[in-house]
Amino acid sequence: MTPALTSRSPVAAAVGLSLLLGSCGGPAGPIPAARSAFLQAVHAEVPQANAYRSDVALVRLGEAACAELSSGEPFAGVVEQLGSSGMPSQDLASVVAAAADDLCPAYRRQAGQQ
C-alpha cells in the first residue's frame, strides 16, 4: 500500500501547487484581494456603477485601464480611451484611479495618485 500512496503523492503535490499558484495572480490578472479592494473602491466612489457594468465587467474595465497606463497613456487619455464604456467621464476617472490604486499600483503616480 505504501507504493500506491507514494505514486499518488507527486500528483497530489502538483494539484495542490497549481491551486496555490492559481490564487496568486499572474498572467490571469490581479490577485482576488486586489480585485475585491478595487470593487470596494469603485462602489464607494460610484455607487451606481452596477447600473453601467457588472462587477466582472468593472474588473475588466479596471484591467483595461491598467493596460493603457502600462503603455504610457496619461490618466486623462485612459479615461478618454475608455469613454465608449457608457459611463460618465467622472465615474470612469474614479474607476481608473481605483484601478491604479488596487490593480496596478505601479501606475499610481501616472494616474495622479500619491
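Each row is one residue, and each column tells you yes or no for (1) over 17 Å from the mean Cα position of the chain (by Cα); (2) at positive phi; (3) in a loop (DSSP other than H, G, I, E, B); (4) at pLDDT below 50.
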| residue | (1), (2), (3), (4) |
| --- | --- |
| VAL15 | yes, no, no, yes |
| LEU19 | yes, no, no, yes |
| GLY29 | no, yes, yes, no |
| ALA44 | no, no, no, no |
| PRO47 | yes, no, yes, no |
| ARG60 | no, no, no, no |
| ALA67 | no, no, no, no |
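Taking region 60-114, which residues are surrounded by 13 or more Cβ atoms within 10 Å (Cβ to Cβ), polar (S, T, N, Q) and farther than 23 Å from ASN50 by Cβ?
GLN110, GLN113, listed by residue number.
Within region 104-111, can one find any residue that is in a helix (DSSP H, G or I) and of a type outside the set (Phe, Trp, Tyr)? Even if it seems obvious, please write down each step before you answer.
Just the residues of region 104-111 that are in a helix (DSSP H, G or I), to begin with: 105-107.
Then drop every residue that is not of a type outside the set (Phe, Trp, Tyr), which leaves 105-106.
Yes, some residue in region 104-111 is in a helix (DSSP H, G or I) and of a type outside the set (Phe, Trp, Tyr).
Give the residues of region 60-114 that are more than 19 Å from PRO32 (Cα to Cα) and either among the aliphatic types (A, V, I, L, M) or in contact with a Pro (Cβ under 6 Å, 6 or more places away or on another chain) (or both), sorted by residue number.
LEU69, ALA76, VAL78, VAL79, LEU82, MET87, LEU92, ALA93, ALA111
The values are calculated or read from the model by the stated rules, or taken from the named source; none is laboratory data. Keep in mind that what you see is a predicted model, and the values were worked out from it rather than measured. No Cβ is skipped: glycine too gets one built from the backbone with ideal geometry, and neighbour counts run over all protein chains shown.
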